[in-house]
Amino acid sequence: MIIAVASGKGGTGKTLVATSLALSLKDSRKVRLLDCDVEEPNAHIFLRPVITGKEAVCIQVPKVDEKKCTYCGKCAEVCAYNALAVLPDRVLVFPELCHGCGACSYLCPEEAISEQGRETGVVEWGNADGIEFVQGRLTVGEAMAPPVIRRVKEQADGNGVVIIDIPPGTSCPVVEAVKDSDFCLLVTEPTPFGLNDLVLAVETIRQLGIPCGVVLNRAGVGDNKVEEYCRKENIPIMLTIPLDTEIARLYSKGITLAEGMPQWRESFGQLFDSIKETVDERNRSLKR
Amino acid sequence: MREIVVLSGKGGTGKTSIVGSLAALAKDKVLADCDVDAADLHLLLKPSLKEKTEFWSGQTAVIDEEKCTRCGLCQELCRFDAIKDYTVDPVACEGCGFCFHICPVDAIAMEENLSGHWFIADTKYGPLVHARLGIAQENSGKLVAQVRQKARQIAQERNLDYILSDGPLGIGCPVISSLSGANAALLVTEPTLSGIHDLERVLGVCRHFGVTAEVCINKYDLNEENTRRIEGYCADQGISVAARIPFDNAVTEAMVRGKPVVEYASGRVSQEIEKLWDGISGIRS
């Protein structure tokens with residue numbers, strides 16, 4: 001089962017929930033945590049994994065053989081990203097604009113274009129006290145997170161529970177990370193910003209057809225409009241974490257709820273049970 | 001004219017609350033909300049809409065079922081796994097057009113995407129340019145570029161001193177788009193290990209694009225040991241710490257009332273943000 005932990009707004013406690021959930025389940029199940037927040041991956045701070053392997057993520061960018069090139073301009077014509085420009089006696093390649101679709105090399109009539117890998121990030125894996133850990137890191141200065149996310153997502157198979165830490169927001173990196181999940185937990189806080197961004201996140205997750213539930217963090221701050229919204233939209237609030245300076249203090253030091261306040265393990269266990277119930281029920285009704 | 005972009009890498013550090021207050025303090029500026037993905041600044045600034053424009057960007061492949069001979073070449077060549085059972089998944093499609101070019105029976109068309117909207121609004125603090133990326137859309141970087149271009153145009157037309165922009169989270173495409181060519185970046189962080197980790201990465205992006213940065217430590221008293229670590233790190237990097245803002249529930253209370261905190265409370269948070277603006281309004285490019 002794949003559980004995505006997302007949030008429209010950043011800094012609502014998404015990583016804290018994902019890592020605490022993983023730690024609360026690891027003694028009874030096989031758990032794998034994928035950190036798909038490749039721009040700012042933080043799960044490693046909380047899980048402190050031993051990294052045992054690493055692989056570069058590369059985009060295949062064009063390399064033009066000027067001996068074969070006739071400067072016909074076909075490659076620049078088919079490139080949707082303006083990553084190639086053909087001058088009368090030269091071809092300019094702008095690798096940072098290339099999405100690696102392969103159209104230029106395939107369509108070159110002279111077979112003058114080969115491809116070479118350009119590293120834009122890494123995928124790392126290891127073990128964190130029994131949790132299988134995988135994370136992606138986008139290289140600083142690189143723009144495109146989705147190819148790195150796709151590579152991390154390739155590890156979302158097998159048995160057991162896969163928990164994915166999703167980047168904040170609602171745009172393409174979020175969609176890439178969330179799609180194909182069985183359930184999406186949306187972590188938010190009861191403030192106007194929290195509500196505004198939750199509404200956007202719900203629209204995104206619904207468009208993908210994935211069932212979702214809310215974790216309300218820092219309950220007690222702000223107002224009760226998030227609860228009103230969830231009631232109206234029929235979205236279950238599956239866990240409430242109070243505003244608590246002790247939790248904030250632990251968080252600041254990179255300590256999860258499961259570790260720093262072990263009484264929370266039971267709540268996260270129950271959270272998992274209700275997610276499982278929803279997913280099983282949905283699978284049964286899809287089969288019917 | 002000086003363009004100052006406020007970034008944080010990590011979410012929830014108080015970036016937008018601080019931008020809202022700087023908006024109330026700064027004179028003669030245009031505001032740009034470059035967080036086109038989950039914009040919140042409008043909740044503090046209460047804009048009245050003047051202009052709404054559609055943002056068309058990128059394309060999606062569409063297969064004509066009647067023409068398609070099910071040869072499968074497009075499925076085989078698509079590197080984004082966007083074609084299954086001779087149908088394009090619009091979410092996975094990157095709009096590269098490879099399939100369109102290679103289809104032997106011309107059964108594939110490329111259709112323009114309505115990727116979002118951008119807006120020009122008036123606020124009591126000055127003009128605001130903001131945007132809304134469509135749900136699950138790509139090209140956030142291009143929409144950010146559009147917001148900045150419009151903000152710059154307004155600043156020039158009205159001879160304004162500042163463009164103050166609320167930047168996106170992370171370090172990827174929209175952040176790079178909000179940052180390149182700006183005069184200065186203000187990096188809002190918090191004294192947590194995640195905050196420090198993310199600050200280092202977003203500072204790396206500023207360096208990569210040659211933009212001068214200063215740091216603001218928000219909620220500094222939540223963990224003073226970590227605050228000292230950030231100060232030590234900034235000193236090593238030759239970056240100045242422009243402000244240390246204490247934690248105060250007044251920030252959330254102000255947000256609930258839809259006001260910048262400097263207009264809601266007069267305590268230390270507001271005093272520190274005033275000092276912050278005095279400091280950064282002179283950051284040299």
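Descriptive notes on the structure:
- For the criterion of being over 30 Å from B:Gly9 (Cβ atoms), within 14 Å of chain B (Cβ to nearest Cβ) and touching a residue at least 24 places away in the same chain (Cβ under 8 Å), A:Cys104 passes.
- Considering residues of region B:260-277 that are touching a residue at least 60 places away in the same chain (Cβ under 8 Å) and not hydrophobic (A, V, I, L, M, F, W, C) only, the residue nearest to B:Asp248 (Cα to Cα): B:Ser270
- Residues of region A:77-108 that are touching a strand residue (DSSP E or B) at 6+ places or on another chain (Cβ under 6 Å), assigned to a helix (DSSP H, G or I) and either assigned by TED's automatic domain parsing to the domain that holds A:Ala145 or crowded, with 18+ Cβ neighbours inside 10 Å (or both): A:Cys104, A:Ser105.
- Test result for B:Gly116, within 14 Å of another protein chain (Cβ to nearest Cβ), more than 12 Å from the chain's Cα centre (by Cα) and under 28 Å from B:Val88 (Cα atoms): yes
- Condition check for A:Thr240: hydroxyl-bearing (Ser, Thr, Tyr), surrounded by 17 or more Cβ atoms within 10 Å (Cβ to Cβ) and either at pLDDT 95 or above or not assigned by TED's automatic domain parsing to the domain that holds A:Lys14 (or both): no
- Filtered residues of region A:30-72 (kept if within 14 Å of chain B (Cβ to nearest Cβ), outside any strand (DSSP E or B) and not hydrophobic (A, V, I, L, M, F, W, C)): A:Asp37, A:Glu39, A:Glu40, A:Pro41, A:Asn42, A:His44, A:Arg48
- Tallying residues that are surrounded by fewer than 22 Cβ atoms within 10 Å (Cβ to Cβ) and touching a helix residue (DSSP H, G or I) at 6+ places or on another chain (Cβ under 9 Å) within region A:45-59 yields 5.
Matching residues to (1) at pLDDT below 95; (2) of a type in the set (A, V, I, L, M, F, W, C); (3) under 23 Å from the mean Cα position of the chain (by Cα):
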| position | (1), (2), (3) |
| --- | --- |
| A:Asp180 | yes, no, yes |
| A:Thr191 | no, no, no |
| A:Thr245 | yes, no, no |
| A:Gln270 | no, no, no |
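- Of all residues in region A:154-170, those being over 14 Å from A:Arg206 (Cα atoms) and at the interface with chain B (Cβ under 9 Å from one of its Cβ atoms) number 3.
Condition check ((1) under 22 Å from the mean Cα position of the chain (by Cα); (2) part of a helix (DSSP H, G or I)) across all residues:
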| position | (1), (2) |
| --- | --- |
| A:Glu110 | no, no |
| A:Gly117 | no, no |
| A:Val134 | yes, no |
| A:Arg150 | yes, yes |
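- Verdict on A:Ser171 being closer than 23 Å to B:Pro90 by Cα and free of Cβ contacts under 8 Å to residues at least 40 places away in the same chain: yes
- Looking at B:Ile135, B:Ile154, just one residue is at negative phi and part of a loop (DSSP other than H, G, I, E, B), and that residue is B:Ile135.
- Neighbours by Cβ (under 6 Å, 6+ apart or cross-chain): first from region A:5-22, within 8 Å of another protein chain (Cβ to nearest Cβ); second among the aromatic types (Phe, Trp, Tyr) and buried (at least 24 other Cβ atoms within 10 Å of the Cβ): A:Lys9/A:Phe193
- Every condition in (1) in contact (Cβ under 8 Å) with a residue 40 or more places away in the chain; (2) of a type in the set (A, V, I, L, M, F, W, C); (3) not in a strand (DSSP E or B) is met by A:Ala248 except one, and the failing one is (1).
- Of all residues in region A:78-101, exactly one satisfies the criterion of being of a type in the set (Asp, Glu) and either more than 11 Å from chain B (Cβ to nearest Cβ) or in contact with a helix residue (DSSP H, G or I) (Cβ under 9 Å, 6 or more places away or on another chain) (or both), namely A:Asp89.
- Residues that are aliphatic (A, V, I, L, M), within 13 Å of another protein chain (Cβ to nearest Cβ) and out of contact with any Cys (no Cβ under 6 Å at 6 or more places or on another chain) number at least 3 in the following helices (runs of 4 or more DSSP H) confined to region B:1-91: B:42-45.
- Any chance B:Cys71 is of a type in the set (A, V, I, L, M, F, W, C), outside the structural domain of B:Lys259 (by TED's automatic domain parsing) and buried (at least 20 other Cβ atoms within 10 Å of the Cβ): no
- Looking only at residues in region B:212-244 that are within 17 Å of A:Arg249 (Cα to Cα) and among the aliphatic types (A, V, I, L, M), the one that is surrounded by the fewest Cβ atoms within 10 Å (Cβ to Cβ) is B:Leu222.
- Set B:Gly141, B:Gly167: member being under 23 Å from B:Asp35 (Cβ atoms) and modelled with pLDDT under 95: B:Gly141
- Answer residue from region B:245-259, given it is free of Cβ contacts under 8 Å to residues at least 60 places away in the same chain and among the β-branched types (Val, Ile, Thr) and is surrounded by the fewest Cβ atoms within 10 Å (Cβ to Cβ) among those: B:Val256
- The lone exception for A:Glu203 - which of (1) modelled with pLDDT of 95 or more; (2) under 30 Å from B:Ala92 (Cα atoms); (3) within 12 Å of chain B (Cβ to nearest Cβ) it fails: (1)
The values are calculated or read from the model by the stated rules, or taken from the named source; none is laboratory data. Nothing here was measured: the structure is a model prediction, and the numbers come from that model. We place every Cβ from the backbone using ideal geometry, glycine too, and count neighbours over all the protein chains shown.
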